[in-house]
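Encoded as structure tokens, the structure appears first; notes follow it.
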Amino acid sequence: MLIRAGYEVGLDLQSPSAMILLLFLEPARAGTVRRPGRLETEPRAEIEEFTDIFGNHSGRTFAPAGRITFRNDMVVEDSGESDPQSPDAVQHPVQYLPTETLPYLLSSRYCAVDTYLNDLAWQNFGGAMSGWERVGAVCDFVHDRLKFDYLRARSTRSALEAYEEETGVCRDFTHLAITLCRSLNIPARYATGYLGDIGVPPADSPMDFSAWFEVYLGDRWHTFDARHNVPRIGRIVMARGRDASDCAITTTFGPNSLGTFKVWTDEVTEI
């Protein structure tokens, strides 16, 4: 399967500003790109590429005041298969987890595990279930608890606030599910990228970058999606981290506002 993916993001900067960019595909997808894209800026700005502490392909730039627009357009090959399912994947006791997974058990900016949600997690999911079944139960709970409402998106909403307000967008579903999993001693990390309406009816909301999460069970990371709560086709990861604060598509060190925002993720038949 071939997927055309890209974006046009324009920011209005009040003054010259340094920026960090997570506008690239994850390094593991490099070999699947069939029509290479290139991050372009208008006006032209030099971008220094680097790898951040989470292994994300990142960039940094210093942009002039005014409107700066970032564009990219590529075609990526995908297996066309839905998210892999591993119902026998087991949960490990914390003392046996790989060291690199331990940060994903701890609180982060939007996912505080030492709140009311910790007790809630153990009361609802601390029984006989474990591993894959336990994470599935968390997804069911979050999917049923929150109502997706694009118009009520708020960049400051925490997992606890999403639970209390019973609403949110994909990042809020993801933050709440991550927090509940971490409370249950299951390493959980945030993932963001492209997820088009492939194999499902088109959504009635604007196309956007999407968020889901991954948990460490058995001997690897597994994909879960509390918002859609069904296996999906065509996920393309751009970045991973502890929560949305680690995976912001753009971080600007100065006053700014969003000018333009377009994202596309469509199945195509040729390059």
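Given the conditions (1) out of contact with any helix residue (DSSP H, G or I) (no Cβ under 7 Å at 6 or more places or on another chain); (2) touching a residue at least 40 places away in the same chain (Cβ under 8 Å); (3) closer than 22 Å to Trp221 by Cα, report the number of the one that Leu105 does not fulfil. Among (1) out of contact with any helix residue (DSSP H, G or I) (no Cβ under 7 Å at 6 or more places or on another chain); (2) touching a residue at least 40 places away in the same chain (Cβ under 8 Å); (3) closer than 22 Å to Trp221 by Cα, Leu105 violates only (1). Across the range 173-220, the qualifying residues are those that are of a type in the set (D, E, K, R) and either farther than 21 Å from Phe54 by Cβ or in contact with a Gly (Cβ under 8 Å, 6 or more places away or on another chain) (or both), and the one among them that is surrounded by the most Cβ atoms within 10 Å (Cβ to Cβ) is Arg189.
Determine whether Glu46 is open to solvent by 80 Å² or more (accessible area, probe 1.4 Å), free of Cβ contacts under 8 Å to residues at least 60 places away in the same chain, charged (D, E, K, R) and in contact with a Lys or Arg (Cβ under 8 Å, 6 or more places away or on another chain). The answer is no for Glu46.
Let's see how each residue does on (1) under 17 Å from the mean Cα position of the chain (by Cα); (2) outside any loop (DSSP other than H, G, I, E, B); (3) acidic (Asp, Glu):
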residue: Glu49; (1), (2), (3): no, yes, yes
residue: Asp73; (1), (2), (3): no, yes, yes
residue: Ser79; (1), (2), (3): no, no, no
residue: Asn118; (1), (2), (3): no, yes, no
residue: Ala121; (1), (2), (3): no, yes, no
residue: Asp144; (1), (2), (3): no, yes, yes
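Quick check on my filter: what residues within the range 173-187 are within 17 Å of the chain's Cα centre (by Cα) and under 11 Å from Val215 (Cα atoms)?
Across the range 173-187, the qualifying residues are Ala177, Ile178, Cys181, Arg182, Pro187.
Among the residues that make up the range 9-28, is at least one of them open to solvent by 30 Å² or more (accessible area, probe 1.4 Å), more than 25 Å from Thr265 (Cβ to Cβ) and within 21 Å of the chain's Cα centre (by Cα)? No - not one qualifying residue is present in the range 9-28.
Restricting attention to the range 119-139, the residues that are of a type outside the set (Gly, Ala, Ser), over 17 Å from Val215 (Cα atoms) and open to solvent by 40 Å² or more (accessible area, probe 1.4 Å) total 4.
The set of residues from the range 235-262 being surrounded by 15 or more Cβ atoms within 10 Å (Cβ to Cβ) and farther than 25 Å from Leu176 by Cα comprises Thr252, Asn256, Phe261. The requirement of being over 19 Å from Asp225 (Cα atoms) and at pLDDT below 95 is not satisfied by Arg60.
The values are calculated or read from the model by the stated rules, or taken from the named source; none is laboratory data. Bear in mind that the values here come from a model prediction, so they are computed numbers and not experimental data. All Cβ positions, glycine included, derive from the backbone under ideal geometry; neighbour counts span all protein chains shown. Surface accessibility is based on the protein's heavy atoms, side chains included, excluding ligands, DNA and RNA. Shrake-Rupley method; radii C 1.70, N 1.55, O 1.52, S 1.80 Å.
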